[in-house]
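Here the structure comes first, spelled out in structure tokens, and everything after it is commentary.
The values are calculated or read from the model by the stated rules, or taken from the named source; none is laboratory data. Small disclaimer: the values here were computed from a predicted structure and weren't measured. Quick reminder, even Gly has a Cβ in these numbers, built from the backbone with ideal geometry, and neighbours come from all protein chains shown.
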């Protein structure tokens, strides 16, 4: 297949507009934490958990774009956002994630591919079993322990990432926890004991448990939809599928933001920023119909689960 003329699709948009999008996304995802802290302990914590847990998948997708240096015009901006904001929020070492992700691109579907989750069997009752493992934090523990290990193969020969990521994470979480406590005490207008209880429940229940349970589950289903092979799959690479999805649907927005809807195109041309992928997909589909977005996240997941 003829490669695309990348000069047509790799020009970057303004940093001001990218910064506005990043700030808006952060606000929307973190807002339920502060809203819950202000309201206090109550039944509203359940929808806040759902809101935050699902919304964090979008920030994980944005972390992925940072690893490709696609968020801002210069690499420094994407690296800063990944290392100092998104990585710590996701309890992830950005540099180690970036190395593992490039191994995923180079060895998609091979034994060296470190992304194991798309191979998980969720057919029938196994779907409920996988959801249960996510709810019990077993999948989160598996992911967290996996990120401490070096990539299966690192062709770059670069040294392991610094443990400074732990210090960055502690700093970010100190600021996050302190700000939640400040809102929970209404800036000092409520008793400190009541504020500490509320902040602990919000930070532990909505944030940490939401990230380790619901976000892990949603991100895993997204990966399964993108790469697990089903019967009518046309494009495969070893034991991984490559799909583009139809945009404009709720699951496409929740799961496929930041270019994940055009996932096959991204794997084919990873140098293209996410906001240029729709045009690139149209160009590729003109010569190869397999790039046409015929699937939806929902239809693929339904087929996988059946």
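Taken together, 151, 160, 114 contain a single residue that is at pLDDT below 75, surrounded by 12 or more Cβ atoms within 10 Å (Cβ to Cβ), assigned to a loop (DSSP other than H, G, I, E, B) and within 20 Å of the chain's Cα centre (by Cα), which is 151. Across region 269-290, the qualifying residues are those that are within 23 Å of the chain's Cα centre (by Cα) and assigned to a helix (DSSP H, G or I), and the one among them that is nearest to residue 66 (Cα to Cα) is 274. How many residues does region 7-38 contain that are in contact with a helix residue (DSSP H, G or I) (Cβ under 9 Å, 6 or more places away or on another chain), in a helix (DSSP H, G or I) and at pLDDT below 95? Selection size over region 7-38: 1.
Counting only residues that are surrounded by 20 or more Cβ atoms within 10 Å (Cβ to Cβ) and under 17 Å from residue 258 (Cβ atoms), region 69-89 holds 9 of them. Every listed requirement among (1) surrounded by fewer than 19 Cβ atoms within 10 Å (Cβ to Cβ); (2) free of Cβ contacts under 8 Å to residues at least 40 places away in the same chain; (3) in contact with a strand residue (DSSP E or B) (Cβ under 9 Å, 6 or more places away or on another chain) is met by residue 246 save one, (2).
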